[in-house]
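What follows is a short report on a single structure.
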Amino acid sequence: MPHGRFISFEGGEACGKSTQIRLLAARLEAMGRTVLVVREPGGTPLGERIRDLLKHDPAGRGMAPETELLLMNASRAELVRRVIRPALESGTCVLSDRFADSTVAYQGAGRGLDRKVVAGVIEAATDGIRPGRTLWLRVPSAVAADRLRARNAAAVEVTDRFEQEQRSFFDRVEQAYEAIGREEPDRFLPVDGTGAPEIVSDRIWKLVEPWVGAAD
C-alpha cells in the first residue's frame with residue numbers, strides 16, 4: 001500500500017482554492033489514488049462548530065487574537081488526530097483547504113501575534129503532521145475583490161468575518177506567505193491563480209504529479 005500524500009492549498013480570500021482542490025482531486029482519482037478533501041477550520045463535527053464561531057457567528061466578532069489562534073488550532077488538533085493521520089496511514093491522498101501556514105500568515109502576521117508563540121501552538125496541534133507540498137494560489141488583489149463581490153452577491157454563505165478585514169491586514173498576510181516561500185521553496189510552491197480554472201489546474205498538476213507518482 002502506498003503511503004498517503006498530504007497536500008495543502010493556501011492563499012488569500014477568493015483565490016480559487018475550492019475549485020482547484022476539486023479539480024486536483026479528480027485528477028488524482030483518475031490515476032487510481034484514494035482522495036480525501038478536508039478544510040480548515042473544520043473537517044470534523046467539533047471543528048465545524050468552531051469554524052462557524054470563528055467565521056460567521058456574531059458571538060465571535062471582536063475576539064482577541066489569542067482566542068482566534070487557540071480556536072483555530074483546537075479545530076486543527078481534532079482534524080489531525082481524527083481524520084488526517086488515519087487517512088495518511090491508510091495510503092490516502094489528503095487535500096486540505098488551508099493548514100498551518102494559514103495560521104502563520106493570518107494569526108501571526110495578520111493579527112501581529114508573536115511568531116514563537118504561534119509556532120508553539122501549531123506544533124502542539126499538528127503533532128508532527130505537515131503537508132509534503134503546499135500550493136500557494138496567487139491572484140491580484142483586484143481580481144480577488146471582484147470574486148468576493150460576486151460571491152457575496154450570490155449569497156453563497158453568510159458574511160465571513162475574515163473577508164471584512166482591511167487591505168493592510170491582507171498585505172501582511174501576503175508578505176507572510178512570501179516569507180514562507182523563501183524559507184521552504186521545495187514545499188511551499190507559488191502558483192499563478194489567474195486565468196481559466198483548467199489552466200490553473202494544469203499549472204498545479206505539473207508541480208504535483210511527479211511527487212504524487214514517486215515511489216515511497
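Restricting attention to segment 185-201, and to residues there that are of a type outside the set (Gly, Ala, Ser) and either assigned to a loop (DSSP other than H, G, I, E, B) or under 17 Å from residue 111 (Cα atoms) (or both), which single residue is least open to solvent (accessible area, probe 1.4 Å)?
Applying the first criterion (of a type outside the set (Gly, Ala, Ser)) to segment 185-201 yields 185-192, 194, 197-200.
Right, trim to either assigned to a loop (DSSP other than H, G, I, E, B) or under 17 Å from residue 111 (Cα atoms) (or both) and you get 185-187, 194.
On the way: 185: 78, 186: 126, 187: 19, 194: 43 Å².
Checked segment 185-201; the qualifying residue least open to solvent (accessible area, probe 1.4 Å) is 187.
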Which numbered condition residue 182 fails, given (1) open to solvent by 80 Å² or more (accessible area, probe 1.4 Å); (2) part of a loop (DSSP other than H, G, I, E, B): (2)
Residues located in segment 33-60, provided they are surrounded by 15 or more Cβ atoms within 10 Å (Cβ to Cβ) and among the aliphatic types (A, V, I, L, M): 35, 36, 37, 38, 46, 50, 53, 54
Where residue 43 falls short, out of the listed (1) in a helix (DSSP H, G or I); (2) touching a residue at least 40 places away in the same chain (Cβ under 8 Å): (1)
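The values are calculated or read from the model by the stated rules, or taken from the named source; none is laboratory data. Fair warning: this is a prediction, and the values are worked out from it, not measured in the lab. Note that each Cβ is placed from the backbone with ideal geometry, even for glycine, and that neighbours are counted across all protein chains shown. These accessible areas exclude ligands, DNA and RNA; they are computed on the full protein's heavy atoms, side chains included. Shrake-Rupley method; radii C 1.70, N 1.55, O 1.52, S 1.80 Å.
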